[in-house]
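Just so you know, all these numbers are worked out from the coordinates, no wet-lab data involved. Because the structure is a prediction, the values reported are computed rather than measured. Here the Cβ is made from the backbone with ideal geometry for all residues, glycine too, and neighbour counts use every protein chain on show.
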Amino acid sequence: MTFENLLLFRDIVQERSVSRGAALNGVSQPAASQHLRELEERMGVTLLDRSTRPFTLTAAGKIYFQMCRDALQRYEEFQVALEGLKAEVEGTVRIASIYSVGISEMSRLKEEFSRRFPQAALEVEYRGLAAMRRAFEKAHKARFGFIDRAKSLVIDPVLAFSTFLGGTGGGFGDQASAVAVDNSGNVYAAGITSSASFPVTSGSFQTTNHAVANQGTNAFITKLNPTGTALVYSTYLGGSGTSNCTGDAASGLVVDSSGNAYVTGSACSTDFPVTPGAFQTTNKAAGNADGNAFVTKLNPTGTALVYSTYLGGSGLAAESPYGGDKGNAIAVDEAGDAYVTGRTFSTDFPVTPGAYQMSNHAAKSAAWVPPMPGDPK
């Protein structure tokens, strides 16, 4: 029984796969399977029940797996102790090891210890598995054992809440792409919807999916209370779409300390809601049946836009099905400046003088990272 054998068996069980466990240890699947057979023959017991998929541990397998984990944990603690002694030149280190691992591995480890720390001494105490477990439980106030199936099992963390969010669907259905949580525990979700009946709240910024007539999509932004039992606000965000492009979709979301929601994504619509004086008020890729990215800041009640702007160039007419620009992720700093990253096919995507890269070297798509000031104009 060697350290490598213990590690292999532990990984096979934890991965619930012989092939994945073997890969983690740099051995082939046939070699790992052969090792398992030889191990079972040597012990005279079956460790894995292979009649189920994935396999399950037998009673003997559970005991052996627990021993492997305990032994490997002791080995890891030994390694940590060695690292802590790098600056020491003398003293005594006392460790304990179960017989099976200690006999096969400890002589090698003692030699390594002596080589690295010639002025220090290493004392090893060999104990049985039960004694090792009792000592560890006493020192660390922890307990080891198998699950008592006669009792209820409570795992922390537990599911706080889980809910559907959507309408009757359409050509594309409803899909959340981003989530954020504010300081009060309210949960914000953003994504794409083709539903005309997506749940929106009275008085929210946009209560109608404007792209339904073109069988397209609008973005949505929804704020749920901390328990997930009610909507604080929920709104569509989008235009009428086009017959050649699916519509508008949110991909990134962040919330600032005041509860303003910042959203980015893609907009094919030429009438996507933008604010007067925004940085870019038109979809420059519309002539190529493409979309631009958008960056929108929604007020804390979800009733109005603080600002909203397109962000993009003319796209590529030859790209199909989508050759425009898209925002994928967004962040905001303490000053309220928004930082957006995404993808562009445009060769005329707006860049700033002296920027790190001022041209699209790919001629088809490239990444971009523009910071948007608190009031992008």
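Observations on the structure shown:
- Within the shell of other residues whose beta carbon sits under 14 angstrom from the beta carbon of residue 35, the net charge comes to -2, with Lys and Arg scored +1 and Asp and Glu -1.
- Across all C-alpha atoms in segment 174-372, the radius of gyration and Dmax reach 16.1, 50 Å.
- Built from the Cα atoms of segment 195-286, the convex hull projects on average onto 6.9 nm², one quarter of its surface area.
- Residue-count net charge about residue 269 - beta-carbon cut-off 15 Å; Lys, Arg +1, Asp, Glu -1: -2
- A simple charge model with +1 on the Cβ of Lys and Arg, -1 on the Cβ of Asp and Glu and nothing else charged puts the dipole of segment 174-372 at about 180 debye relative to its Cα centre.
- Packing order of peptides 106-112, 301-307, 207-213, highest average first: 207-213, 301-307, 106-112 (average count of other Cβ atoms within 10 Å over each peptide's residues).
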